[in-house]
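Read through the structure below, which is laid out as structure tokens, and then see the notes.
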Amino acid sequence: MKKIKVLALLSIMAGALFIAPLTMYADAAPGDIIVTLGENLTEEQKSELLKEMDVPADVESVVVTNEEEHQYLGNYISKAQIGSKAISSTKITIGDKDQGLSVKTNNINWVTEEMYMNALTTAGVTDAEIYVTAPFEVSGTAALTGIIKAYESTAQIEIPEAQKQVANEEMVKTAELGERIGTKEATELMTRVKEEIAKNPVQTEEDLRALIEKVAKDMGIELTQEELNGLLALFNKMKDLNIDWDQVQNGLKDISDNLGNFLNDEETQSFFQKIIDFFMAIIDAIRSLFK
């Protein structure tokens with residue numbers, strides 16, 4: 001795993017936003033596998049990805065088009081970011097009820113694992129193991145579109161359009177804010193706002209604005225007026241959805257546990273130890289100059 005991807009895992013602190021539970025087992029049972037493939041993959045690339053996913057070559061798959069990517073994400077990010085080809089693909093393994101959601105990625109360089117988790121829980125997908133991959137590095141937008149499409153077409157659940165739009169907008173806003181202040185800081189900001197809303201639901205837009213400003217200030221983050229207005233609009237839309245805010249606390253606990261596992265990971269510890277050793281060497285060198 002690249003170090004940049006390892007560090008990106010810090011954004012696992014992103015708050016999980018839970019919509020009132022959807023019935024996900026009408027035609028899909030725990031253990032069932034759903035595969036989504038980008039429409040613009042070559043036959044050779046499809047074969048390689050199916051082998052990587054460890055699924056049969058004749059597995060039934062859901063095809064994702066570039067037009068669908070633009071339909072779901074075109075209001076929030078540029079056409080250039082989405083691109084002109086649908087490449088990223090996924091393997092979705094339906095989990096047991098209350099199992100939770102896990103996401104792993106390969107060759108995805110813009111949408112992080114935690115951003116997928118946020119968007120999917122916002123859309124109502126909560127119990128599954130998801131693997132997102134591509135034959136080369138891509139943004140990963142086709143995969144998000146594909147997962148939502150797969151649940152609607154294969155698992156026979158209906159995700160309201162408003163939920164899909166908010167899920168995509170949340171992912172994009174977090175990613176864009178992360179580009180300026182850091183992924184960890186952006187996702188933690190989202191987490192803290194959700195925590196506060198879960199504890200004390202806001203009643204007015206003024207209260208919501210004050211809450212976002214307070215959380216940002218406590219974290220030492222100075223939001224631009226545009227960023228503040230964007231977050232305000234996003235959380236206002238969330239207020240209009242059927243959100244079970246009591247579930248937010250459980251989701252945040254699971255994410256915190258995952259963060260703890262990350263920090264205890266041997267590779268992570270080795271990486272940070274190298275940084276510590278590096279600075280210790282500098283200190284020793286400075287000391288020797290004064291002897």
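The values are calculated or read from the model by the stated rules, or taken from the named source; none is laboratory data. Not measured: the values here are computed from a predicted model. In this analysis, Cβ positions are derived from the backbone assuming ideal geometry, glycine residues included, and neighbour counts consider all displayed protein chains. Ligands, DNA and RNA are excluded from the accessible area calculation, which covers all protein heavy atoms including side chains. Shrake-Rupley method; radii C 1.70, N 1.55, O 1.52, S 1.80 Å.
In this simple spin-label model, placing a label point 7 Å from the Cα along the Cα-to-Cβ direction at both Asn40 and Lys79 gives a separation of 1.3 nm. With θ taken as phi - 60° and the Karplus curve 6.51 cos²θ - 1.76 cosθ + 1.60 applied, the whole-hertz 3J(HN,Hα) list for the range 233-239 is 5, 4, 5, 5, 5, 4, 4 Hz, x standing for glycine and proline. In order along the range 186-201, phi translates into HN-Hα couplings of 5, 6, 5, 4, 4, 4, 5, 4, 5, 4, 5, 5, 5, 6, 9, x Hz, rounded to whole numbers, per the Karplus curve 6.51 cos²θ - 1.76 cosθ + 1.60 with θ = phi - 60° and x for Gly and Pro. Computed in the context of the full set of protein chains, the accessible area of the range 97-182 at 1.4 Å probe radius has 46% of its extent on carbon or sulfur.
Here the simple spin-label model places points 7 Å from the Cα toward Cβ, and for Glu137 and Gln71 these points are separated by 3.1 nm. If you take the square roots of the eigenvalues of the alpha-carbon gyration tensor of the range 142-216 and sort them as a ≥ b ≥ c, do you get rounded (a/c under 1.5), prolate (a/b over b/c) or oblate? Oblate shape, in that a/c is at least 1.5 and b/c is the bigger or equal ratio. Relative protection proxy for 111-119, 59-67, 84-92, 34-42, from highest mean packing down: 111-119, 84-92, 34-42, 59-67 (other beta-carbon atoms within 10 angstrom). Distance distribution P(r), the range 173-230, all Cα-Cα pairs, bin width 5 angstrom from 0: 4, 19, 32, 27, 13, 5, 0 percent. Judged by the ratio a/c of the largest to the smallest principal axis of the C-alpha gyration tensor, the range 50-166 counts as rounded, that ratio being less than 1.5.
Estimated from the Cβ-Cβ distance and a Förster radius of 35 angstrom, the FRET efficiency linking Lys239 and Glu129 is about 0.70. Amide H to amide H, with H built 1.01 Å from N, Val62 comes under 5 Å of Val35, Thr36, Leu37, counting only residues 5 or more places away or on other chains. From largest to smallest, the equivalent ellipsoid semi-axes obtained for the range 123-253 from the alpha-carbon gyration tensor read 27, 19, 13 Å.
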